[in-house]
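See below for the structure under consideration.
The values are calculated or read from the model by the stated rules, or taken from the named source; none is laboratory data. Please read these numbers as outputs of a predicted model, since none were measured by experiment. Cβ placement follows ideal geometry from the backbone for every residue including glycine, while neighbour counts extend to all protein chains displayed.
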Amino acid sequence: MDDLIYFRTPNSKISYLSRTLKDGPEKDLVEEFISIQKQKLSSSSRHGYTLFIEPKLDVGFPDVVIVRFSRSVMAKWSPSRMPLDLTSLKILSHLFYAGPISIDKLKTDLGFVDPVLGQRLNSLQEAKLIYRKGDLYRAYSFRETFAVREVIAIEAKMSDIFGAICQASKNKWFATSSYILTPSLRPTPRVASRCGDLGIGIYGLKRLDFTEILRPRPHELPKSYVTLLLNEWIGRKIFDGSGV
């Protein structure tokens with residue numbers, strides 16, 4: 001697709017960090033998956049897609065992250081959000097989960113001191129992501145301020161499958177669906193059982209195509225700060241002129 005937004009290398013202008021895939025069979029597996037996936041992603045006037053390759057996240061470096069986002073909501077992304085850092089997004093994520101909350105409760109819950117917390121709350125208000133009513137801070141509607149609608153994380157392994165399962169389990173913290181990707185179309189019963197227990201899907205890749213061997217257990221889009229960060233990277237890249 002022509003308008004796929006692609007993150008492969010670090011970009012200091014938007015504070016994006018990533019790791020380069022190491023040469024070897026796993027890189028070949030990931031590159032083949034990406035090549036096929038790029039042809040299968042279907043954009044529309046309502047939704048766009050983004051591919052992240054080994055982004056640096058607090059849970060590690062997932063091999064591939066696919067984000068489907070609302071074009072209309074992303075079009076409202078404002079450059080006033082450009083300065084938001086990870087601490088700001090941690091505060092915002094907490095507001096999404098905790099609901100209206102006082103600054104004293106925020107200090108207790110997150111352990112941030114006054115200067116840090118006050119500055120970030122001001123930045124979030126300037127970005128029109130939160131507002132204050134009386135003594136309480138509240139977040140505006142997630143679906144109206146964040147364009148992310150689906151996050152799919154893929155962890156590829158040639159041999160250490162249970163290592164991939166461990167990382168895929170961590171990826172559920174920010175993704176709606178988490179998969180492992182293997183070169184086999186017949187996972188062992190032990191692997192299939194473990195993935196089923198954890199709600200992780202399995203992709204098998206062979207002969208220039210991939211097959212969904214096991215569907216992941218779907219769940220609601222997390223509002224973790226990592227999910228918010230993916231949204232902000234997309235907005236920054238579009239505003240910077242290197243995405244569409």
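The numbered conditions (1) more than 17 Å from residue 37 (Cβ to Cβ); (2) small (Gly, Ala, Ser); (3) at pLDDT 95 or above are all true for residue 134 except (3). The number of residues in segment 1-26 being polar (S, T, N, Q), exposed (fewer than 14 other Cβ atoms within 10 Å of the Cβ) and more than 11 Å from residue 54 (Cα to Cα) comes to 1.
No other residue among 163, 235 is of a type in the set (Gly, Ala, Ser), in contact with a Lys or Arg (Cβ under 7 Å, 6 or more places away or on another chain) and buried (at least 20 other Cβ atoms within 10 Å of the Cβ) apart from 235. Could we say that residue 63 is over 18 Å from residue 225 (Cα atoms) and buried (at least 20 other Cβ atoms within 10 Å of the Cβ) here? Yes.
Considering only segment 95-109, state which residues are closer than 16 Å to residue 143 by Cα and either out of contact with any strand residue (DSSP E or B) (no Cβ under 7 Å at 6 or more places or on another chain) or hydroxyl-bearing (Ser, Thr, Tyr) (or both).
To start, the set of residues in segment 95-109 that are closer than 16 Å to residue 143 by Cα comprises 95-97, 99.
Of everything in segment 95-109, those that are closer than 16 Å to residue 143 by Cα and either out of contact with any strand residue (DSSP E or B) (no Cβ under 7 Å at 6 or more places or on another chain) or hydroxyl-bearing (Ser, Thr, Tyr) (or both) turn out to be 97, 99.
Would you confirm whether any residue within segment 187-195 is in contact with a helix residue (DSSP H, G or I) (Cβ under 8 Å, 6 or more places away or on another chain) and touching a residue at least 40 places away in the same chain (Cβ under 8 Å)? No, segment 187-195 has no match at all. Taking the conditions (1) at pLDDT below 95; (2) in contact with a Lys or Arg (Cβ under 7 Å, 6 or more places away or on another chain) in turn, residue 142 satisfies each one other than (1).
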